[in-house]
Amino acid sequence: MNKTDSIVRRILGWKLNRWDRWFDYEKNLFIYDSEFQPEHNLDHAMLIVEKLEKFGFTFSKNGDYEVGFNNIRATGDTLPQAITNAAYSIIEQNSTVHSSRIWQQLC
């Protein structure tokens, strides 16, 4: 699973409908994989920002190539790429936290 797929599933909550398209249940809309490029399109990246803000994250921008969500910061070659990198960092951080909780419970 690549970075965009992880963000689409875990943050936006879209479901894979076919190998090449997602389904957004909130908007009742099909989105083709090739049409959603948050690393290259600022409008697409801002969908991620809006969703994370609904989850309680605070978005901050430091220049054109660095962003943050609460205490998580990321950079990129462009603003959309920085947003995508920060969102993916949130996913990675939460995956690690959940894994360590599982190991604590098992041991």
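The values are calculated or read from the model by the stated rules, or taken from the named source; none is laboratory data. Just so it is clear, the model here is predicted, and its values are computed rather than measured. Cβ sites come from the backbone with ideal geometry, for glycine too, and all protein chains shown count toward neighbours. The area values use the complete protein model at the heavy-atom level, side chains included, leaving out ligands, DNA and RNA. Shrake-Rupley method; radii C 1.70, N 1.55, O 1.52, S 1.80 Å.
Amide H contacts of N17: W22, F23, each under 5 Å away and 5 or more positions distant or on a separate chain (H built 1.01 Å from N in the peptide plane; Pro and chain starts excluded).
The chain: percent of C-alpha pairs farther apart than 23 Å? Tail of P(r) above 23 Å: 30 percent of Cα pairs.
Rolling a 1.4 Å probe over the protein heavy atoms of the chain, with every protein chain left in place, gives an accessible area that is 48 percent carbon and sulfur.
In the chain, the calculated helix contribution to ellipticity at 222 nm averages -14000 deg cm²/dmol per residue, counting -39,500 (n - 2.57) for every DSSP H run with n ≥ 4. Under the convention that each Lys and Arg Cβ holds +1 and each Asp and Glu Cβ holds -1, the size of the dipole of the chain around its Cα centre is about 480 debye.
Couplings 3J(HN,Hα) of region 72-80, computed from phi: 9, 10, 8, 10, x, 6, 9, 4, x Hz, in residue order, whole Hz [Karplus 6.51 cos²θ - 1.76 cosθ + 1.60, θ = phi - 60°; x for Gly and Pro]. Computed extension gain for D77 through R9, at 0.36 nm per residue and net of the alpha carbon distance, reaches 22.1 nm.
Distance between the 7 Å Cα→Cβ label points at Q37 and N94: 2.7 nm.
With Cα atoms defining each centre, region 7-23 and region 29-102 are spaced 15 Å apart in the structure. Among the chymotrypsin sites (Phe, Trp or Tyr not before Pro) found in region 2-66, those both in a DSSP coil and sparsely packed, with 15 or fewer other Cβ atoms within 10 Å of their Cβ, are W19, Y25, F55, Y65.
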